[in-house]
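See below for the structure under consideration.
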Amino acid sequence: MLAAILLCVTCRNPVYAVIYLVKALFALALLFYLLGAPLVAAWQVIVYVGAIMVLFLFIIMILELAPRERPEDLNRRRWVPGLLVASAILGCTLLIIFQDPDAAAQGSAYFLGPRDFGAALFGRYALAVEVVSFQLLFAAVGAYYLGRYRPRRRGGEDLP
């Protein structure tokens with residue numbers, strides 16, 4: 001999974017990057033299945049791999065994104081922000097892991113069953129779910145606006 005994510009991030013061709021992301025999401029579904037959550041693994045495959053990745057490919061094809069012809073200048077200053085963020089995340093992760101080793105035994109108290117999860121999602125957090133659904137609607141309208149056909153003027157310029 002980590003190799004597929006690394007290839008997804010470093011790949012220059014956007015279609016190949018999406019395919020590597022699909023591989024990473026399949027590996028994540030396999031991890032869910034091995035951890036004893038076959039329903040979540042099925043949702044991962046159906047929703048993310050099946051629907052969202054097809055939408056990503058559709059948007060890439062509509063926008064006609066092509067790989068860059070020549071690589072940009074590679075300098076060290078370009079890698080510094082990414083390395084700082086990665087080291088901060090790694091440091092926080094190690095701090096959480098080694099701060100209280102006994103917390104792993106108490107972690108099962110934080111898990112919810114499907115009924116409790118649904119009640120929390122559509123009861124207490126119903127407004128947040130609606131806000132996210134509107135954001136997805138706005139993204140779909142934006143994708144339509146970017147991909148719509150624009151007739152050309154006589155001079156060769158696109159109309160707005």
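The values are calculated or read from the model by the stated rules, or taken from the named source; none is laboratory data. Note that this is a predicted model, so its numbers are computed, not measured. Glycine also receives a Cβ, built like all others from the backbone with ideal geometry; neighbour counts cover every protein chain displayed.
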Taking Ala86 as the residue in question, decide whether it is at pLDDT below 85 and surrounded by 10 or more Cβ atoms within 10 Å (Cβ to Cβ).
-> no
Mind listing whichever residues of the range 40-51 are among the hydrophobic types (A, V, I, L, M, F, W, C) and either surrounded by fewer than 16 Cβ atoms within 10 Å (Cβ to Cβ) or more than 12 Å from the chain's Cα centre (by Cα) (or both)?
-> Val40, Ala41, Ala42, Trp43, Val45, Ile46, Val47, Ala51
Hey, any hits in the range 106-116 for a residue that's surrounded by fewer than 10 Cβ atoms within 10 Å (Cβ to Cβ), closer than 25 Å to Leu39 by Cβ and at pLDDT 80 or above?
-> yes
All but one of (1) modelled with pLDDT of 85 or more; (2) over 18 Å from the mean Cα position of the chain (by Cα); (3) in a helix (DSSP H, G or I) hold for Met61; which doesn't?
-> (1)
